[in-house]
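To keep things clear, I will list the structure first and then write my remarks on it.
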Amino acid sequence: MRAVTFHEHGDVGVLRYEDVPEPVPGPGEVVIRVRAIGCNYNDLWARRGLPGMKFDLPHISGSDAAGEIAAVGPGVSGVKAGDAVVVHPSISCRTCEACTAGQEYFCRHFKIWGFQTGPLDGSYAEYAKVPAANAVPKPARLTWEEAASIPLVLLTTYHMLVTRAQLRTGEWILVWGATSGIGIVAVQLARHMGASVVAVAGSEEKLAAARDLGAHVLVNYKTQDVVDEVRKATGRRGVDVVFEHTGQETWERSLRVMAWGARLVTCGNTTGFQAITDLRFLFNKQLSLLGSHQGNKAELMAGLRLVEAGHIKPVVGKVFPLREAAAAQTAIETGNKIGKIVLVP
Ligand SMILES: [Zn+2]
């Protein structure tokens, strides 16, 4: 089958479009005929390489896929050939104390599929192999491209807002990168949960898209002072929740826009990880700083029900053929996009 691989870490030039053996399902596994692939920041981290993290090479990236079950391994029940599915990207043992408590992200064997798995695993290919437990029904109303674009960002955002920050109706939330992959879900989910949304982005086009998704207040961080705009919008009170994933460049402003007793939830650091926290704000204002990483299968399925009901709509920014994965990753790297980048084999 055709797949996009890399044999060494580096810039997009290391990506190869080549033939690799088709995966064969082992016990408890299924092989999916991939119809569409969602690209994520993880794909870039793996390709570049991360200090202290070992990747099995050659590697096939891709933690999001939509397609049909092509083959099932021994002992598989609950899914059958021909079923339309998307992939739940959290791989874990499913039997340990953490897993059976619904906290698969604390499993000692936890891996993000297509990011930490391998060699030659992941969705940038014509066929992909996953544990049968990780194949979940595709929302019927979505196209293949829409379905492939949503699981990882939906799972991540659902865990951040519902489980970690416990966002409540009537609260204010600030969403950095409102038209990024997770930003588009955060704006819609927060709106659905009854919150008022301050959307931050770097262009008028992106802010118009955020408004269409349901944001109430739009702030262009390139031309406006984010802290001032939040004070204006909230009557100097600040927001109850900050949705963080950008890190170093935005962290200090994130702390300053928080109301007394507010929560900040973060799942990433796309601009760097060495952020400064003024401890006087932390204890005096009784702030809560919440880390978040992926989520569990039940959270993904609850999120997909919101998608199926039309409360959250996938936003596909651009679709590339699989062989143009380098161009797709460049679009993510430059931030020159609204919504998700999708590949089609
Ligand atoms: Zn486990």
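Bear in mind that the values in this text are calculations on the coordinates, not laboratory data. It should be emphasised that the depicted structure is a prediction, and the values quoted were computed from it without experimental measurement. Here Cβ is always computed from backbone atoms with ideal geometry, including for glycine, and neighbour counts include all displayed protein chains.
Residues checked against (1) closer than 22 Å to Val342 by Cβ; (2) assigned to a loop (DSSP other than H, G, I, E, B); (3) in contact with a helix residue (DSSP H, G or I) (Cβ under 9 Å, 6 or more places away or on another chain); (4) in contact (Cβ under 8 Å) with a residue 40 or more places away in the chain:
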| residue | (1), (2), (3), (4) |
| --- | --- |
| Ile173 | no, no, yes, yes |
| Gly177 | yes, yes, yes, yes |
| Ile182 | yes, no, yes, yes |
| Ala186 | yes, no, yes, yes |
| Arg191 | no, no, yes, no |
| Ala209 | yes, no, yes, yes |
| Lys222 | no, yes, no, no |
| Val227 | no, no, yes, no |
| Lys232 | no, no, no, no |
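Taking the condition of being surrounded by fewer than 19 Cβ atoms within 10 Å (Cβ to Cβ) and under 30 Å from Ala140 (Cβ atoms), how many residues in the stretch 275-296 meet it?
Matching residues across the stretch 275-296 total 1.
Just to be sure, is Gly272 in contact with an Asp or Glu (Cβ under 8 Å, 6 or more places away or on another chain) and surrounded by fewer than 20 Cβ atoms within 10 Å (Cβ to Cβ)?
It is true that Gly272 is in contact with an Asp or Glu (Cβ under 8 Å, 6 or more places away or on another chain) and surrounded by fewer than 20 Cβ atoms within 10 Å (Cβ to Cβ).
Answer yes or no as to whether Cys96 is free of Cβ contacts under 8 Å to residues at least 24 places away in the same chain, surrounded by 18 or more Cβ atoms within 10 Å (Cβ to Cβ) and within 16 Å of the ligand (Cβ to nearest atom). Before the answer, list the steps.
Working: free of Cβ contacts under 8 Å to residues at least 24 places away in the same chain: yes; surrounded by 18 or more Cβ atoms within 10 Å (Cβ to Cβ): no; within 16 Å of the ligand (Cβ to nearest atom): yes.
Taking the combined requirement at face value, the residue does not satisfy it.
So Thr246 clears everything in (1) within 14 Å of Lys285 (Cα to Cα); (2) outside any helix (DSSP H, G or I) except one condition, right? Which one?
So the condition that Thr246 fails would be (1).
Tell me the residue from Gly114, Gly118, Gly75, Gly52 that is within 18 Å of Gln329 (Cα to Cα) and in a loop (DSSP other than H, G, I, E, B), please.
Gly114
Residue check: is Pro89 of a type outside the set (Lys, Arg), under 30 Å from Val12 (Cβ atoms) and within 16 Å of the ligand (Cβ to nearest atom)? Outline the logic, then answer.
Working: of a type outside the set (Lys, Arg): yes; under 30 Å from Val12 (Cβ atoms): yes; within 16 Å of the ligand (Cβ to nearest atom): yes.
Taking the combined requirement at face value, the residue satisfies it.
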